[in-house]
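One structure is given here, and the rest of the page talks about it.
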Amino acid sequence: MKFSRLAFAAATALAFATPAAMADLVFPSLDYRTGPYAPNGIPFADGYADYFTLVNERDGGIGGVKARVVPCETEYNTTKGVECYEATKGEGALLYQPLSTGITYQLIPKASADGIPIHSMGYGRTSAANGKVFEWVFNYPGTYWDAASIIVKHIIDQEGGDISGKKIALVYHNSAYGKEPIRTLEELAKKHGYSLTLLPVDHPGQEQKATWLQIRRDRPDYVVMWGWGVMNQVAVQEAVNIRFPMDKFIGVWWSGAETDVLPAGEGAHGYKAITMHGVGMDFPIYADLKTHVYDKGLSAGAGDQHGSVLYNRGMQAAMLAVEAAKTAQAIHGAPNITAAMMRDGMEALEITDEKLTALGLPDFMPTFEVTCANHGGSGLGAIQQWDAKTKTWSLVTDFIASDREVIDPLIAEDSAAYAAEANITPRTCE
Amino acid sequence: MFLTDPFFWEIVVSGLLAGVMYSLVALGFVLIFKASGIFNFAQGVFALFAALTLVGFQTGQVPFAHLLSWITGTSIHTWGSGMPTLVAIVFALLVMIGLAWLVVRIVLRPLVNQEGIILFMATIGLAFVLEGTGDLMWGANVKALDVGLPQGPSDTIIDATGMFVDKLEISAAVVAVLLVVALTLFSQFTRMGRALRAVADDHQAALSVGISLETIWWIVWSIAGIVALVAGIMWGAKSGVQFSLSLIALKALPVLMLGGFTSIPGAIVGGLIIGVGEKVFELYVGPMIGGATENWFAYMLALLFLLFRPQGLFGEKIIERV
């Protein structure tokens, strides 16, 4: 009898609770907390979830409406990522951030047809920066091609302005993700006169001896890495083993987390990577997080990732989603926004210094604005360097602009090819 | 001619040493398959679990800390100090022996006399359960493993030959030799070893002379657990202890196909052939066909062996009479 009453009460509570839940602003989190890529997926997912918790706890939600994060485990597996999309889109999803180039590629046509925006922040299909073709896809604040160009610019700077005749090797994850920078690096090689060696590493990258023996034989002047997961740790260790100078080994922003360098110990000292945001916890937002999230026991996961590179990046992704939602609410004058309104908000998003300061993130990232034609943002990046003694990253350059002269024609060319293939008529942007 | 190229010999030596690392994983498979006819799909996860446990003891991590924190509302993640490496290794060994006992009692005993494929499926399930348990117990972070093994290039060898040889891989080769010698001595010169061989030869006959199948299985799974710990230490020292370690089992499969599923020397020789083959192929043929051949080359070689010598180089030829 008691059980029946309890069941009735639970059913009633659920029935009344459901409409309220439907009114939330839903942000699916396609995360990966298990499998070989979990060490990278966990900090990002924690940062993403904690930022939304902060907004709910401190501000009462976004424009007064609570945000609801719907996690779905992908294991960084494209098939599972698509399943997650299908399983969560019916919950009123406003935006997808897949954290996987493979998943992003699969979701671009689906989400475009369903009218749900995708934000592949610094990953995914680079030419999606062309908003005229990719109406529903955004990759601000920068793309892989920006990253490749900025790394080459940094190398030019290190070499005193001339890298003709130099040798650069690209060690890359043999996947859609890892292959993204090749075209840009090839074009930049033509422009600057360096030679490029391509060294693919198969998933997961646990064994790379042949790759690094080749590097030892060919002795490139710089090694650029496009890795993820265990591939990063093994590559850094192998570079240490063959005594490759670490300050000439530069990773993309997905190859520059603490987990990538810690296993190699002191040997990893000096390793560099590009970043799209500031490092560490020296931002006022962490005081708010402590008060409203950590001290209340509301931290996502184990609560042991605060301040790490990928935690900050997850937080950045959530912050950009929240700011776009606020913009959408302002444009449409309604707190409860739809996915289509969210897209409008993303396309009108402006990140200014004043806004960053108000959010407790002064100088955390470069300012940028998204437009109808430009979904890629400013494309700025800085170089961070690892200090193995203090086990910290620090920025060693200012935020650097990419080479638009090379990148813009590539984006135009690739997006035009996609438009022809997908039978899309590019829209007009005023 | 590439044979006169010093770089070729550097690749061969590196390949041989990398092959030893594969053999360490393959050995665990062979031991269990030889004694019980079970292909233990969970052997890679055993290596991962053993390495996670070792690092957990070394660093003084509280097992199931996140779960305990969630239940009790506390936030205790470490004991304050860790164990010395040798003590941690001993405790990790005990955990692996305990795990072997649990596997035999919970998974294998209820499945006695079932088809091999059912036992194989059970080990797939075991792999998932153990991976999840490892995650709950020790967390999914990458953990640096330092058991005092030398790492980095050997200056002595570089000075003498100009060749790059990783000291960690030299250690792995020495450990593999010691392991094979110890396993051979155990199986040839101890009563338990003879019982083990009897079970491997004929289960029914062994049972009829009073050998306890369950005890033998426990011993074999314990030894495989110890081998997994050794493999976990070597691979964990190389790349940090992380969940991709479970995928090293995929490297052991072609080694087993080459060497044979029932031969300990076969696991070693198979590993050496795969190690050298994949490195030489990647460096000399890889650039012509787009590279990244290391993973599939091993399987291609194994496939060729399956066509012409399905039992592998040292495996027993299975003759089934109808």
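The values are calculated or read from the model by the stated rules, or taken from the named source; none is laboratory data. Just so it is clear, the structure is predicted and the values come from calculations on it, not from any experiment. In this analysis, Cβ positions are derived from the backbone assuming ideal geometry, glycine residues included, and neighbour counts consider all displayed protein chains. Heavy atoms of the whole protein, side chains included, go into the accessibility calculation; ligands, DNA and RNA do not. Shrake-Rupley method; radii C 1.70, N 1.55, O 1.52, S 1.80 Å.
For the reader, a short list of remarks on this structure follows.
- In degrees, nearest ten, helix A:209-218 long axis to first principal axis of chain A (Cα): 40 degrees
- In terms of its alpha-carbon gyration tensor, segment B:29-241 comes out oblate; a/c meets the 1.5 threshold, while b/c is at least as large as a/b.
- Each part gets one Cα centre, and for segment B:167-214 versus segment A:60-98 those centres are 52 Å apart.
- Choice from A:212, A:145, A:254 with maximal GNM fluctuation in chain A (Cα, 10 Å cutoff): A:212
- When chain B is treated as a GNM with alpha-carbon contacts under 10 Å, the residue of B:82, B:73, B:232 showing the greatest mean-square fluctuation is B:73.
- Chain A, dipole about Cα centre (Lys/Arg Cβ +1, Asp/Glu Cβ -1), debye to the nearest 20: 800 debye
- Taking every residue in B:138-149 and counting other chain Cβ atoms within 10 Å of its Cβ, the average works out to 5.
- Viscosity 0.890 mPa s, temperature 25 °C, Stokes-Einstein D of segment B:247-322 from Kirkwood C-alpha radius, µm²/s: 192 µm²/s
- Eligible aspartates and glutamates near residue A:89 by straight Cα distance, threshold 12 Å, same-chain separation 8 or greater: A:114
- In this simple spin-label model, placing a label point 7 Å from the Cα along the Cα-to-Cβ direction at both residue B:115 and residue A:336 gives a separation of 5.5 nm.
- Other-chain or far-sequence residues with amide H under 5 Å of residue B:314's (modelled H): B:260
- Scattering curve values for the protein assembly as shown, log₁₀ I(q)/I(0), Debye with Cα scatterers, q = 0.07 Å⁻¹: -0.54
- Structure-based [θ]222 nm, chain B - -39500 (n - 2.57) summed over DSSP H runs of at least 4, per residue, nearest 500: -22500 deg cm²/dmol
- Chain A: angle of helix A:78-88 to the longest principal axis, Cα-based, in degrees nearest 10: 20 degrees
- Separation between Cα centres of segment A:247-298 and segment A:329-378, rounded to whole Å: 24 Å
- What the Kirkwood sum gives for segment A:276-430 is a hydrodynamic radius of 18.1 Å, with every pair of different alpha carbons counted.
- Local electrostatic count, residue A:378, Cβ distance below 12 Å [Lys/Arg +1, Asp/Glu -1]: -2
- Accessible area in square angstrom per residue, segment A:64-126, 1.4 angstrom probe: 33 Å²
- Exceeding the 20 Å Cα-Cα cut-off - candidates A:248/B:279; A:66/A:296; B:34/B:238: A:248/B:279; B:34/B:238
- Accessible surface buried at the A:B interface totals approximately 3200 Å², computed with a 1.4 Å probe on protein heavy atoms.
- Each residue of segment A:100-113 was assigned a 3J(HN,Hα) from its phi angle through the Karplus expression (A = 6.51, B = -1.76, C = 1.60, θ = phi - 60°), giving 6, 5, x, 5, 4, 4, 6, 7, 3, x, 5, 5, 5, 5 Hz with x at Gly and Pro.
- The distance from the alpha carbon centre of segment B:265-307 to that of segment B:132-159 is 25 Å, rounded to a whole number.
- With an a/c value of 1.5 or above and a/b not larger than b/c for the gyration tensor axes a ≥ b ≥ c computed over the alpha-carbon atoms, segment B:74-115 is described as oblate.
- The residues neighbouring residue A:193, those whose beta-carbon lies less than 12 Å from its own, together hold a net charge of +2 under the Lys/Arg +1, Asp/Glu -1 convention.
- Note on segment A:144-275: the C-alpha convex hull projects to 6.9 nm² when averaged across all orientations.
- Evaluated at q = 0.10, 0.13 Å⁻¹: base-10 log I(q)/I(0), Debye formula over Cα of chain A: -0.67, -1.14
- Dipole of the protein assembly as shown computed with +1 at Lys/Arg Cβ and -1 at Asp/Glu Cβ about the Cα centre; of A:119, A:360, A:402, farthest Cα towards the positive end is A:119.
- Rounded to the nearest 10 degrees, the angle from helix A:309-332 to the longest Cα principal axis of chain A is 50 degrees.
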